[in-house]
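A short write-up of the structure that comes next.
Each reported figure results from applying straightforward, stated rules to the coordinates on display, with no laboratory input. The shown structure was predicted, so the numbers you read here are calculated from the model rather than taken from an experiment. Don't worry about glycine lacking a Cβ; one is built from the backbone with ideal geometry, like all the others, and counts go over all protein chains shown.
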Amino acid sequence: MTEDDQTGRRPTPPADPRTSWATWTTQSIISGPGGVATAEVGPISGDLTLHTTWVDGEARLTVQYSGALDWYTVAGSPVPAADETTARAIHQAMVNGAKEGGGASAPAP
């Protein structure tokens, strides 16, 4: 028995999260009352942009007022994320949390 798959190619090992990365940005999120909790300035609310970077096995979440220059770390970030799919789900959960407001912080993995 060989390790080749049915196409005759050797299977590719999963990507090493220490050498892989991805990013997602969602703009113009209108936050719910209480907005998003940040590590630097407390909660921010209004028209927000959320950015997530997946690198080194963790999702790093930042938020800004849409169109502003300053980015703030979302409270509870970074979040462990073993793979890109998990990191993308964390990003979407944070978008949903921002829309709900209430001082939303980084979701659990």
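Asp56's amide H: which non-local residues (gap 5+, or another chain) put their own amide H closer than 5 Å, with H modeled 1.01 Å from N in plane and none for Pro or chain starts?
Ser20
For the pair Asp56 and Asp70, how long in nm is the line joining their label points, each one 7 Å along Cα→Cβ?
2.5
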